[in-house]
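The values are calculated or read from the model by the stated rules, or taken from the named source; none is laboratory data. Source: prediction; values computed, not measured. Because the Cβ atoms are built from the backbone with ideal geometry, glycine has one as well, and the counts that use them run over all protein chains shown.
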Amino acid sequence: MQEELKIHGEERLRRKLEDCIEELDKLIEDPCLERMSHWQRNEIKDRLRRRIMRARELMGGQPRLELMLAERAYEGERITVVLSIRNPRITALRISLIKEGDLDIEPPFPQEVEVPPLSTKFLKSFAGVSGSGLKSLTLMLIEGKDTFTIESSIEVLEFKVDLEALPKVDSIGDGEAKVSVELRNRGSVPLTILLPSGELLLEVGEIRKVELTGRVRTDGLVEVDPIPYLDPRGDRHELHIGDLKVEAKPIARPPELELPERGAEEVGRSETVSLDLDEIFSVIAKHVIAAFLGKLIGEHFPERKEYRKPVYVEGLPYEKRGEITVIFEDPLAVVEEDRGDYVLIRKAKIAELEHVVTAEAARRLMENFRVALDSLMSIWRPFPEARLSRRECAFYESLKGIAKKEKRSIEEISKVLPVNFYIEYTIHRGRISKKTLLKVYAGACSRTEILLDRGKDDRPMSIADALSYLGLSVPTEYPAVFLLASPTGWDPSAVNMARGTSGKVLYILVDLKTGEIYHNQQEDISRSIFRALSEIMGYTAEPLVPGEEISKLDEMLLSGAITEEEYKEAQKRLLKLI
């Protein structure tokens, strides 16, 4: 149409359009259309009407207006305002422009605007916003007796930066102190906290707890560096915590455990000693000494338990004392099976002892792993030029039912049972328009119900159960790494999946009890994470014994295909291969 306008001129093209409209009107009333089918006739008439409308629009159609500005902005900002005027006619459009509303445009739009035929004109300016609330902008375009109006609005948000910190000294060591700081965003804008482990996004009203390291001065006070953070405009702020009084007890190393020889008169003694089997078992020795070590310890430190069903003891040393049955065995080496009409108490098999863990040990192992994660992300950088943000989710809600049942507070329950958690680390480029390069979901989980009911758990975790406990799903829009830890280890299918999975989704599994990591050694990302974890916590990539063969032996032992004596003999042969 632009070419025809140049060739024929405005007047000649107008007459041509008038002739077209007249001919099209005649075609709509053409008797030949009545001979066609109903749907064919309607389709042709619709096409003719659309052409008539297009011709009339070219002769004198209304201008098309579009006013573009942001949906929301913070007070004090300067926003961009763009007015688009589309002229659909073959003649030039000359209009007057009047502004109304709450926004002041600077520089102002011109009062007289001319838009060439069949073209679009853009007017760009800026507007300052002040005061919170909904602000409107109305533009009236006047052409002779016709007035065209367009209106838009913007939500102006209060810009208030207010970060509150509630610090607490948890423990002190050699000149250093562990300080937990509860951060609360009391302002009206989201804040980006710049931590040594990465960035932490704190939404309006959100509360997060972070772990920092302070310095213990000679006067006994703890000094913590200011916490830097950014507002949405990119301005940098610092939160000064000040000097803290030391109210926590110094970190003390646990005393070494000594096991006295058992005398006949010591049966039933009630003294309790903190025992951690997780620190005694080595990667190889746990398969060899687990069976008799539990028996030795259990003879010294008894545990009382009541059952409402008949109890039968199988393969364990015990003694009847009236209505009480005394079993001389460590509770960790005892398995309770509910057979419906009765309860069978038997000796744990070696494969079961490999995974058994107490509630206290699970809690401590998972807490240590959570602390280590931030250290991991501070030294592991797959994309050196990228930025890191952090979001933590701890499932305290799952403990509410337990606390209500036990009639205890959640804080008290969380000191006894582990809390399932995960931390979502997002690695991205850009500050405003962020592009996600990789997400790392790092967390640990356990079966808290079993730990509460039995005081221990000996069933290895599966990947499906772990994702369910943590409420995670596999993303499809970006690459992801699932770094999952379990105090009871992982079942063979989970280990095989971690070793064989590659591509956009990787699984790295950590056995918190043995310190073993299972991952695909062919993937660069999983290898680099393993090296960083090994540096921080001393984890090992694989068991020192042939893992797959031991797993097969474990399955055969648990299914009853082989006896414990056959298991030990086969294990000895495998140990010679190292």
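Table: residues versus (1) surrounded by fewer than 19 Cβ atoms within 10 Å (Cβ to Cβ); (2) within 20 Å of Phe395 (Cβ to Cβ); (3) of a type in the set (A, V, I, L, M, F, W, C).
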{"residue": "Leu452", "(1), (2), (3)": "yes, yes, yes"}
{"residue": "Gly455", "(1), (2), (3)": "yes, no, no"}
{"residue": "Ser462", "(1), (2), (3)": "yes, yes, no"}
{"residue": "Asp465", "(1), (2), (3)": "yes, yes, no"}
{"residue": "Tyr469", "(1), (2), (3)": "no, yes, no"}
{"residue": "Asp491", "(1), (2), (3)": "no, no, no"}
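Here Ala442 meets the list (1) at pLDDT 85 or above; (2) of a type outside the set (D, E, K, R); (3) part of a helix (DSSP H, G or I) almost entirely, failing just condition (3). When Gly220, Gly198, Gly242 are screened for being modelled with pLDDT under 85 and buried (at least 18 other Cβ atoms within 10 Å of the Cβ), only Gly198 passes. Listed by first and then second residue, the pairs linking a residue in segment 434-457 that is touching a residue at least 24 places away in the same chain (Cβ under 8 Å) to a residue that is crowded, with 18+ Cβ neighbours inside 10 Å and of a type in the set (Lys, Arg), with Cβ atoms under 6 Å apart and 6 or more places separating them unless they lie on different chains, are Asp457/Arg447. Considering the conditions (1) touching a strand residue (DSSP E or B) at 6+ places or on another chain (Cβ under 8 Å); (2) within 21 Å of Ile517 (Cα to Cα), Arg454 is excluded by exactly one of them, (2).
Looking at segment 44-100, the strands (runs of 3 or more DSSP E) lying wholly inside it that each contain 3 or more residues that are surrounded by 17 or more Cβ atoms within 10 Å (Cβ to Cβ) and within 54 Å of the chain's Cα centre (by Cα) sit at 78-87.
The listed residues are Ser132, Ser153, and the only one of them that is surrounded by 14 or more Cβ atoms within 10 Å (Cβ to Cβ), free of Cβ contacts under 8 Å to residues at least 24 places away in the same chain and within 22 Å of Glu75 (Cα to Cα) turns out to be Ser153.
Inspect segment 495-505 for any residue being of a type in the set (Lys, Arg), surrounded by fewer than 20 Cβ atoms within 10 Å (Cβ to Cβ) and either free of Cβ contacts under 8 Å to residues at least 24 places away in the same chain or over 29 Å from Val210 (Cβ atoms) (or both) and give the result as yes or no. Yes, segment 495-505 has at least one match. When restricted to residues that are in a loop (DSSP other than H, G, I, E, B) and either modelled with pLDDT of 85 or more or outside the structural domain of Leu221 (by TED's automatic domain parsing) (or both), segment 155-184 contains 5. Provide a single number: the residues in segment 20-67 that are modelled with pLDDT under 85 and within 30 Å of Arg233 (Cβ to Cβ). Number satisfying all stated conditions: 0.
Residues that are in contact with a strand residue (DSSP E or B) (Cβ under 7 Å, 6 or more places away or on another chain) and among the small types (Gly, Ala, Ser) within segment 457-508 comprise Ala466, Ala480, Ala485, Ser486, Gly489, Ala494, Ala498, listed in sequence order. Kindly list, by first and then second residue, each pair from a residue in segment 464-488 that is closer than 16 Å to Tyr518 by Cβ and among the small types (Gly, Ala, Ser) to a residue that is modelled with pLDDT of 90 or more and in a loop (DSSP other than H, G, I, E, B), limited to pairs with Cβ atoms under 7 Å and residues at least 6 apart or on different chains. As it stands, the answer is Ala466/Cys445; Ser486/Cys445; Ser486/Ser446, since those pairs meet every condition given. If I filter segment 392-403 for residues that are within 23 Å of Val210 (Cα to Cα), among the small types (Gly, Ala, Ser) and within 14 Å of the chain's Cα centre (by Cα), do I get at least one hit? The answer is yes, given that some residue of segment 392-403 is within 23 Å of Val210 (Cα to Cα), among the small types (Gly, Ala, Ser) and within 14 Å of the chain's Cα centre (by Cα). Within segment 158-200, being in contact with a Lys or Arg (Cβ under 7 Å, 6 or more places away or on another chain) and of a type in the set (Asp, Glu) holds for Asp162, Glu164, Asp170, Glu176, Glu182, Glu199.
Checked against (1) over 30 Å from Lys404 (Cβ atoms); (2) assigned to a strand (DSSP E or B); (3) aromatic (Phe, Trp, Tyr), Tyr422 passes all but a single condition, namely (1). Here Glu155, Glu199, Glu203 are screened, and the one residue that is over 28 Å from Ile427 (Cβ atoms) and out of contact with any Cys (no Cβ under 6 Å at 6 or more places or on another chain) is Glu155. Of all residues in segment 102-113, at least one satisfies being aromatic (Phe, Trp, Tyr), surrounded by 12 or more Cβ atoms within 10 Å (Cβ to Cβ) and free of Cβ contacts under 8 Å to residues at least 60 places away in the same chain.
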